[in-house]
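Peer 1: Here you go, one structure.
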Amino acid sequence: MENKKEPEKYTLLFQHWKKYQDKILLTNDFGGKFEIPEEEFQSICSKNCSLSVTDVTKELVDKGFVAEMIDPEKHSLSWARRHFSVLLAPELHIMVMTSRCNMQCVYCQAGSPGKQDKVLDMSLETAKKAVDFAFNTPSPVLNFEFQGGEPLLNWEVLADTVEYIREKEKKSARTVSISLISNFILMDERKADFLLKNEIILCTSLDGPECVHSKNRHSENDISYETVRKWLKYFKERHDNQKGNSYRIFKPGAIVTVTKNSMGHAKKIVDEYVSAGLESIYLRPVSKIGYAGRNWNAIGITPAEYLEFYSEALKHIIELNKKGVSISEQACIIFCSKIFDAGSGGNYDVDSPCGAGTGQIAYNYDGSIYTCDEGRMLAMEGDDIFRIGSVDDPVEKVLTADAVRACKCASDLNAQAMCSRCAYMPYCGTCPVFNYATQGSLAGDMPNNMRCAVNKGQIDFILELLKDKENEELLKKWL
Amino acid sequence: MALEITERRIFFDSSVYSTEAVNMTAFILEDKIDFVTEKKENGIEVTFKHFSENEPEIFANEALNQQCRIDVSKVSSGLTKLIVSKALVSAVGGGKQE
């Protein structure tokens with residue numbers, strides 16, 4: 001039997017810390033989290049982080065805080081679980097079927113040019129080239145996401161592209177999913193039937209009760225709210241009554257954009273989702289990009305305002321869960337996935353480095369390819385900095401384009417001046433497009449960055465909630 | 001005293017601020033703020049041409065930001081290179097495990 005020699009000394013290994021109430025919160029790149037009294041922390045630091053044998057507890061070892069006792073296999077897997085976009089090829093392929101839109105939302109980032117000009121539609125030829133491009137990337141999983149503008153404005157091409165994807169899927173060993181982001185205004189039973197038979201995941205925007213939704217999402221004759229509710233009900237009923245179908249029908253989904261119009265309505269917005277039969281809500285603050293940026297005085301909110309809204313909404317969601325209502329919140333799931341070492345949370349914006357160009361790519365209507373949808377939206381405002389090629393270019397050239405490399409370097413939090421020491425770095429991520437659009441640099445200026453403030457505030461609040469065992473058990477069930 | 005009103009100066013001590021950090025700051029702000037930089041024995045002096053309530057503060061903040069980035073990069077650039085390289089290789093299908 002091998003006789004392992006005990007190390008002569010032990011070292012407390014941590015990369016990130018912050019003062020947390022009366023203690024110091026230490027975290028490491030493996031996702032380990034540990035709270036230590038401030039005096040003890042000062043004492044260890046004053047001794048070059050050396051630990052005595054009695055200081056070395058099982059918890060510290062398991063969480064990767066003892067340098068001499070790191071388990072390379074276990075701890076590198078923990079790292080990999082929360083940095084999935086580093087290890088995979090692009091899975092999310094966003095196809096902008098048209099840049100036209102039949103709505104005029106107050107927070108539009110893409111500056112939609114209205115619904116008339118069909119030169120802003122993707123042709124079938126371009127759509128097929130984009131699909132071929134996606135199938136030429138090496139990922140075994142491909143998620144196609146149709147969006148716009150409003151993708152239903154280019155219905156014929158959309159339907160033909162869906163059939164083309166499904167044909168290609170049959171001849172490949174890929175796992176393929178398709179989703180559609182739509183405002184549902186042009187939805188009818190024929191289209192709905194086609195989409196469901198092709199197993200398309202449907203997602204829309206529902207910003208809350210009518211008094212909030214209609215202020216944010218303007219449509220001709222003001223029919224958006226009523227239309228969204230009608231089709232959510234229809235798709236939910238089709239989902240609930242699918243027994244005997246030869247195809248799967250997925251539950252419909254919706255997302256919320258939180259603006260000044262949402263303030264004071266946190267509980268009502270959550271209740272709206274519950275009454276629509278939705279079991280998940282994704283709360284996101286409006287971004288100061290595109291038309292939303294120009295409209296900021298009317299719709300903008302501060303991080304503090306958003307965090308007050310978010311904490312009220314999340315507390316309400318947890319109370320509803322305790323009463324047996326099934327509803328979860330996506331931003332909380334993203335952070336909890338990382339806090340509980342259960343994965344990356346599946347969001348390319350909250351990853352380090354971000355997924356721009358390596359986890360996701362966006363195909364604009366004209367065949368241009370961008371690092372991500374946000375990069376494509378910026379192009380609609382006239383700035384092409386995140387363009388990485390076209391559907392006619394070789395895959396390798398596009399996926400290693402300058403903008404992809406720049407986004408990787410700028411969003412690796414190890415290289416960020418403020419983030420590299422932040423206790424929340426293992427749970428966080430930054431978006432170079434947001435930083436560039438709002439602060440003029442890919443890396444951004446974190447002390448004044450809205451998303452940094454929002455992410456930190458959300459994690460603060462979630463960690464506070466997790467002090468209660470009942471909350472912890474409840475949130476773990478969401479993962 | 002008059003000089004204090006019409007011109008404002010910041011001295012960046014070379015024991016804290018590298019020439020690179022101050023130069024990068026000057027590059028970033030050259031089209032926004034009117035200033036002159038001058039190399040001195042123990043650092044760099046930046047003189048602001050016009051009086052403005054926050055121009056020196058903006059310059060100083062950016063210099064601090066740049067110096068932090070340089071310091072962080074000394075510690076983490078190797079790690080960042082590894083992570084970024086791995087991300088790019090994975091994206092194009094390299095390094096697959098059979």
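Peer 1: Could you line up A:His239, A:His16 from fewest to most neighbouring Cβ atoms inside 10 Å?
Peer 2: A:His239, A:His16
Peer 1: Using Cα pairs under 8 angstrom and six or more residues apart, how large is the relative contact order of chain A, in percent?
Peer 2: About 17 percent, as a whole number.
Peer 1: Per residue Cα convex hull volume for region A:150-244, in cubic angstrom?
Peer 2: 115
Peer 1: Separation between the A:Asp22 and A:Asp132 pseudo-spin-labels, each 7 Å from Cα along Cα→Cβ, expressed in nm?
Peer 2: 6.9
Peer 1: Averaged over peptide B:60-72, how many Cβ atoms belonging to another chain are found within 10 Å of each residue's Cβ?
Peer 2: Mean number of neighbouring Cβ atoms from other chains: 3.
Peer 1: Now for a separate question. Output the peptides A:72-79, A:127-134, A:226-233 sorted from most to least packed, where packing is the average of other Cβ atoms within 10 Å over each peptide's residues.
Peer 2: On the way: A:72-79: 13.2, A:127-134: 21.1, A:226-233: 17.8.
Top of the packing list down: A:127-134, A:226-233, A:72-79.
Peer 1: Would you work out the charge dipole size for the protein assembly as shown about its Cα centre, treating the Cβ of every Lys and Arg as +1 and the Cβ of every Asp and Glu as -1, and quote it to the nearest 20 debye? Mind showing how you got there, number by number?
Peer 2: Details: 69 positive and 83 negative charges, 283 e Å.
It works out to roughly 1360 debye.
Peer 1: Give me the inter-chain shielding for B:73-83: mean count of other chain Cβ atoms within 10 Å, whole number please.
Peer 2: Going residue by residue through B:73-83 and averaging, the value is 5.
Peer 1: To continue, here is another question. Considering only A:Ser246, A:Val212, A:Leu77, whose Cα is most displaced toward the positive end of the charge dipole of chain A, charges sitting on Cβ of Lys, Arg (+1) and Asp, Glu (-1)?
Peer 2: A:Ser246
Peer 1: Given charges of +1 on the Cβ of Lys and Arg and -1 on the Cβ of Asp and Glu, with all other atoms neutral, how large is the dipole of region B:29-97 about its Cα centre, in debye to the nearest 20?
Peer 2: 840
Peer 1: What does the charge count around A:Ser139 come to, taking other residues whose C-beta lies under 10 Å from its C-beta (Lys +1, Arg +1, Asp -1, Glu -1)?
Peer 2: 0
Peer 1: Between B:Pro56, A:Val119, A:Cys49, whose Cα lies farthest towards the positive end of the dipole of the protein assembly as shown when Lys and Arg beta carbons carry +1 and Asp and Glu beta carbons carry -1, centred on the Cα centre?
Peer 2: A:Val119
Peer 1: Treating the beta-carbon of each Lys and Arg as +1 and of each Asp and Glu as -1, no other charges, what is the dipole magnitude of region A:173-266 about its Cα centre, to the nearest 20 debye? Each step should come with its number before you reach the end.
Peer 2: On the way: 15 positive and 11 negative charges, 71 e Å.
Dipole size: approximately 340 debye.
Peer 1: Can I ask one more? Run the simple label-point estimate for A:Trp79 and A:Arg248 please: 7 Å along Cα→C-beta, distance reported in nm.
Peer 2: Placing both labels 7 Å beyond Cα along the Cβ direction yields 3.3 nm.
Peer 1: OK, next. Report, as an integer, the average count of C-beta atoms from other chains found within 10 Å of each Cβ along A:414-427. If you can, show how the numbers build up before the last one.
Peer 2: Working: counts 11, 11, 5, 10, 4, 1, 9, 3, 0, 0, 0, 0, 0, 0.
So the per-residue partner count for this stretch is 4.
Peer 1: Once the Cα atoms of helix B:19-29 and of chain B are each reduced to a long axis, what angle between those two axes, in degrees from 0 to 90 to the nearest 10, is obtained?
Peer 2: Once rounded, one gets 80 degrees.
Peer 1: What are the trypsin sites (Lys or Arg not before Pro) within region A:415-479 that DSSP puts in a loop, where the Cβ has at most 11 other Cβ atoms within 10 Å? Working shown, then result.
Peer 2: Details: sites: A:Arg421, A:Arg451, A:Lys456, A:Lys467, A:Lys469, A:Lys476, A:Lys477; in loops: A:Lys467.
Here the trypsin sites (Lys or Arg not before Pro) that fit, given the DSSP loop and packing criteria, are A:Lys467.
Peer 1: With a sphere of radius 13 Å drawn around the Cβ of A:Gly277, what net charge do the other residues whose Cβ falls strictly inside it have (Lys, Arg +1; Asp, Glu -1)? Don't jump to the answer; show the numbers that get you there.
Peer 2: Working: positive: A:Arg229, A:Lys230, A:Lys233, A:Lys236, A:Arg238, A:Lys251; negative: A:Glu237, A:Asp240, A:Asp271, A:Glu272, A:Glu279.
Charge balance near A:Gly277 sits at +1.
Peer 1: Another one. Is any helix in chain A, taking whole DSSP H runs, at least 27 angstrom long along its axis by alpha carbon and on average at least -1.0 on the Kyte-Doolittle scale, and which ones?
Peer 2: Result, helices passing both filters: A:303-322.
Peer 1: Stretch A:Glu35-A:Lys323 to full length: gain in nm at 0.36 nm per residue minus the Cα-Cα span?
Peer 2: My answer for the length gained is 100.5 nm.
Peer 1: Shifting gears a bit: Could you work out the relative contact order of region A:389-469? I mean the mean sequence separation of Cα pairs under 8 Å and 6+ apart, divided by the number of residues, in percent.
Peer 2: Result for region A:389-469 is 20 percent.
Peer 1: Taking +1 at the Cβ of each Lys and Arg and -1 at the Cβ of each Asp and Glu, which of A:Gly293, A:Gly277, A:Thr259 sits farthest along the dipole of region A:255-320 towards its positive end, judged by Cα position relative to the Cα centre?
Peer 2: A:Gly293
Peer 1: Ratio of Rg to Rh for chain A, alpha carbon only, Kirkwood?
Peer 2: Answer for chain A: 0.99.
Peer 1: Indicate, rounded to the nearest 5 percent, the antiparallel portion of the DSSP beta bridges found entirely in the protein assembly as shown.
Peer 2: Just about 55 percent of them are antiparallel.
Peer 1: At 0.36 nm per residue, and after removing the present C-alpha to C-alpha distance, how many nm does the segment from A:Asp71 to A:Ser46 gain when stretched out fully?
Peer 2: 6.4 nm
Peer 1: Would you mind pulling out the separation of the Cα centroids of region A:47-65 and region A:296-364, in Å?
Peer 2: 33
Peer 1: Applying a 10 Å radius around every beta-carbon, put A:322-328, A:359-365, A:88-94 in order of their mean neighbour count, most first.
Peer 2: Values: A:322-328: 12.1, A:359-365: 27.0, A:88-94: 23.4.
Ranked by mean Cβ neighbours within 10 Å, highest first: A:359-365, A:88-94, A:322-328.
Peer 1: Relative contact order for region A:172-308: what percent, with Cα pairs under 8 Å and sequence separation of 6 or more? Write down the numbers at each step before the final one.
Peer 2: On the way: 169 pairs, mean separation 33.1, N = 137.
For region A:172-308, the relative contact order is 24 percent.
Peer 1: Which pairs, out of A:Lys322/A:Lys476; A:Lys23/A:Lys477; B:Lys32/B:Lys74; A:Lys236/A:Lys476; A:Lys315/A:Lys469; A:Lys118/A:Lys215, put more than 20 Å between their alpha-carbon atoms?
Peer 2: Check vs 20 Å cut-off fails for A:Lys23/A:Lys477; B:Lys32/B:Lys74; A:Lys236/A:Lys476; A:Lys118/A:Lys215.
Computed from the coordinates by the stated procedures, all read-outs in this text should not be read as laboratory data. Because the structure is predicted, anything quoted here is derived from the model rather than measured. Note that each Cβ is placed from the backbone with ideal geometry, even for glycine, and that neighbours are counted across all protein chains shown.
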